[in-house]
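The values are calculated or read from the model by the stated rules, or taken from the named source; none is laboratory data. Remember, it's a predicted structure, so these values are computed and weren't measured experimentally. Every residue, glycine as well, gets a Cβ built from its backbone with ideal geometry; the counts of neighbours run over all protein chains shown. When the accessible area is computed, the model is the full protein with side chains, heavy atoms only, and any ligands, DNA or RNA have been set aside. Shrake-Rupley method; radii C 1.70, N 1.55, O 1.52, S 1.80 Å.
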Amino acid sequence: MYEPNEVLQTLTGRGHVSAAGCEAVRVRYRVVIERRQGLVTAHGTLIGSHASLRPIWLEPDSTLRLKNGRRIEISLTDLVGDAAEFESTGIVSGF
């Protein structure tokens with residue numbers, strides 16, 4: 001059995017975030033992978049250029065590519081200065 005909101009892993013590193021019609025942006029990330037109600041989800045923060053992150057923040061769907069090549073489908077939920085918060089938009093697998 002699992003615990004509610006069980007943190008499975010916390011990842012940090014450098015990667016890229018991209019969205020349809022936007023150029024990929026280099027970011028530093030902190031991703032928390034957790035199990036919520038039986039599903040594996042992710043949320044965290046991105047640090048990058050505000051000017052580059054803003055077009056991605058305006059798009060509902062984007063992709064975070066981690067330093068190990070894995071991808072997580074995300075949506076940016078907040079952007080303040082050079083820091084963005086995000087949540088995964090689908091099931092996160094392989095963690």
| said: Out of everything in the stretch 24-60 that is at pLDDT 95 or above and of a type in the set (D, E, K, R), what residue ends up being farthest from LEU8 (Cα to Cα)? | reply: ARG54
| field | Among (1) open to solvent by 80 Å² or more (accessible area, probe 1.4 Å); (2) assigned to a strand (DSSP E or B); (3) not polar (S, T, N, Q) - the single one ARG54 does not satisfy | value | (2)
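Open to solvent by 30 Å² or more (accessible area, probe 1.4 Å) and at pLDDT below 95: which single residue out of GLY81, GLY21 fits that description?
Numbers: GLY81 fails: at pLDDT below 95.
When all the criteria are applied, what remains is GLY21.
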| request: Run down GLY69, GLY44, GLY48 and say which single residue is of a type in the set (Gly, Ala, Ser) and open to solvent by 30 Å² or more (accessible area, probe 1.4 Å). | output: GLY69
| field | Cβ pairs under 7 Å, 6+ apart, first in the stretch 7-32 and at positive phi, second assigned to a loop (DSSP other than H, G, I, E, B) and open to solvent by 60 Å² or more (accessible area, probe 1.4 Å) | value | GLY13/LYS67
| query | ILE91 fails exactly one of the following numbered conditions: (1) at pLDDT 95 or above; (2) open to solvent by 80 Å² or more (accessible area, probe 1.4 Å). What is the number of that condition? | reply | (1)
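Could you say which residue among ARG35, ARG14, ARG26 is touching a Gly at 6+ places or on another chain (Cβ under 9 Å), part of a strand (DSSP E or B) and open to solvent by 20 Å² or more (accessible area, probe 1.4 Å)? Show your work before the answer.
Numbers: ARG35 fails: touching a Gly at 6+ places or on another chain (Cβ under 9 Å); ARG14 fails: touching a Gly at 6+ places or on another chain (Cβ under 9 Å).
Just a single option satisfies the conditions, and that option is ARG26.
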